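The values are calculated or read from the model by the stated rules, or taken from the named source; none is laboratory data. None of these values were measured; they are calculated from a predicted model. Positions of Cβ are backbone-derived with ideal geometry, glycine not excepted, and every protein chain shown enters the neighbour counts.
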Amino acid sequence: MSNGSLHTAAGFLDPEAQTTVTLERDDLIGLLLDQAAVIANLKTEGDTTVLATLFSLLDRFESDFPIVTP
């Protein structure tokens, strides 16, 4: 996470990372839409309170909002 953007690189692990999270791509998308739906599928290493902090910073929005209104 840097400047509000999530960056990934296959096979790269930051040696200074406080937490490492491993998950499938579909679970990442599900996580952004509904955290509770995939939380059991996450594999974590390190300080899991950092993950809780990250979740608290994510915006929650209604997925069925009108993009264009008459």
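Taking the listed residues Leu32, Leu57, the one that is surrounded by 10 or more Cβ atoms within 10 Å (Cβ to Cβ) and either at pLDDT 80 or above or aliphatic (A, V, I, L, M) (or both) is Leu32, with no other qualifying. On the stretch given as region 3-20, residues that are closer than 19 Å to Thr48 by Cβ, aliphatic (A, V, I, L, M) and modelled with pLDDT under 85 total 2.
Among the candidates Val68, Val50, the residue that is β-branched (Val, Ile, Thr), surrounded by fewer than 10 Cβ atoms within 10 Å (Cβ to Cβ), outside any strand (DSSP E or B) and modelled with pLDDT of 80 or more is uniquely Val68. One residue stands out in region 35-47 among those that are of a type outside the set (Val, Ile, Thr) and within 22 Å of Ala17 (Cα to Cα): the one that is surrounded by the most Cβ atoms within 10 Å (Cβ to Cβ), namely Leu42.
Any residue at all in region 16-34 that's outside any strand (DSSP E or B), of a type in the set (Val, Ile, Thr) and under 11 Å from the mean Cα position of the chain (by Cα)? Scanning region 16-34, I find at least one residue that is outside any strand (DSSP E or B), of a type in the set (Val, Ile, Thr) and under 11 Å from the mean Cα position of the chain (by Cα), so the answer is yes.
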